[in-house]
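Engineer: Below is a structure I'd like to ask you about.
Every number in this text was worked out from the coordinates using simple rules, so none of it is lab data. Bear in mind the structure is a predicted one, so any value in this text is a computation, not a measurement. Ideal geometry is used to build each Cβ from the backbone, glycine not excepted, and the neighbour counts take in all protein chains shown.
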Amino acid sequence: RTRRDPRGRSRARLFPSRGMQPVLAFPAHRVAIRPAATAARASDTPAPRRLGSPASLANRRVLFVAKDRRAVPTPASRSPGSVRVRAAATPVAAMSTLGATALQFTPLDALCGGTILGVAAVAKLMLTGRLLGVSASVKRPAQGEFFSWDFAFLGGLLAAGAFHVATAGPLPAEPMVGVGRALLSGGLVGAGSAMGNGCTSGHGICGNARLSPRSMAYTGVFMLVGFIAATAFDTAGALGIAPVSAVAATTVPPLAALQAWFAFAAASVGAFIGLGALATSGKDVASGGAYAVDELSGGLVSGVQSELRPPWTPTIGPRKKMVNVAADAVVGFVFGTGLIISGMTRPVKVAGFLSALHPAWDPSLALVMGGALALCAPGFYFVQKYQRAPVCSLEFGFTSKSKLDARLMAGGALFGAGWGLGGICPGPSIVALAMVPSPSVAAWVAGMVLGMVANKNLLSTRRQSSMSAASL
């Protein structure tokens, strides 16, 4: 909007777009700015510049208006080419101007969100004995193995996205790569996570917290390949990230937001304690419909299902079976909320981290993983050393496998390539389906499922070929 002050000078004001009002506990992590048409006199404005250039906005004296419509004038002493945006209620992770997205480094958002991810991972291990792995919960149904806790966990992720929309209001679609590129990216991530038995949650958080050599190697490979792919194929450019320093635009959330996030983390811990108390209260007589050990464990160190299938099936009681599934639903909701708070559901934030040579490099993702590992490392150590068995299961799903093989490395490379091409991985994609659905997000998820199915079919073909060759 353009208005004239009492002296007759023209001033442009940019207001937050409709549907972009931030919320306290679950911020939208963005402020969308709608540029106003210039209505000033020719004598008051310099020669027009290209409309799509971020510099054309940065070199003007612009009056930014916060949520309460109080004007925050840009100081005249600021150097040309610098833009400053102040938000009244929530931290800002990116500012959309003239079709480009200017990233902002959000260290406290990343650390708080990562800590909540750690709470979910430790709680799942203590209650169910399974390691948290999003790709595992997608892989098993995709390959024909159906377990109730997988659907409960995925439902919790979707519920987190839906709850965010219910509290923040309708959100515009996130910047995302095209449908074709999204389909390819999802396919590579699906195939890579199936080959390497894990993703950023299973290997990156849970495996590294247990100091697993396989997880460390897998994480190193997909990080390196992700950096290469994002840089070589210009994912930052494909997502419209402006070449403006994110670190120079570091933002800190208000105290009220930090208090709300702390309250959510505390409530999550209370919910998990309540589930544990429910599972252990009173008598819980085991029934005939027992879980097999491989179903209970749910995975290798990366969080995928173990291929060991013992002939015996220990039993647990019906109450623990119920809590076993309910715990995964709560874990999914808490984990999805941590992804939202940290900003990892936004491909531009991930691409900003993977594009290390881009001027807008954003190190937020490193702090997300650091916050999760800071809680998971001691939490997993305590569980392995002092907890004899999970609350709702018979044993933990750990394995001692540490050998590095070509399949693991190839899976990491495929995962990293897909991650770098699209800027999104399994967990955030499931949350985004309910939070900011778009054809590109749906194509990415479909590609991931197809990649997992293709990996299983390829393995089956190779096994049949090997058996045929052996019989000759």
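Engineer: What shape does region 124-283 take by its C-alpha gyration tensor, where a ≥ b ≥ c are the square roots of the eigenvalues and a/c under 1.5 counts as rounded, a/b above b/c as prolate, and the rest as oblate?
Structural biologist: The shape class here is oblate.
Engineer: Stretched out fully, how many nm does the piece from A266 to Q384 gain, at 0.36 nm a residue minus the Cα gap?
Structural biologist: 40.1 nm is the gain from fully extending A266 to Q384.
Engineer: Work out how much length E145 to I228 would gain on full extension: take 0.36 nm times their residue separation and subtract the Cα-Cα distance, in nm to one decimal.
Structural biologist: Stretched fully, the E145-I228 segment lengthens by 26.4 nm.
Engineer: Taking the Cα-to-Cβ direction at L450 and at R407 and moving 7 Å from each Cα, how far apart do the two end points lie in nm?
Structural biologist: About 2.4 nm separates the two model spin labels.
Engineer: Filter K139/K349; K320/K349; K321/K349; K139/K401 down to the pairs with a C-alpha to C-alpha distance above 32 Å, please.
Structural biologist: Correct reply: K320/K349; K321/K349.
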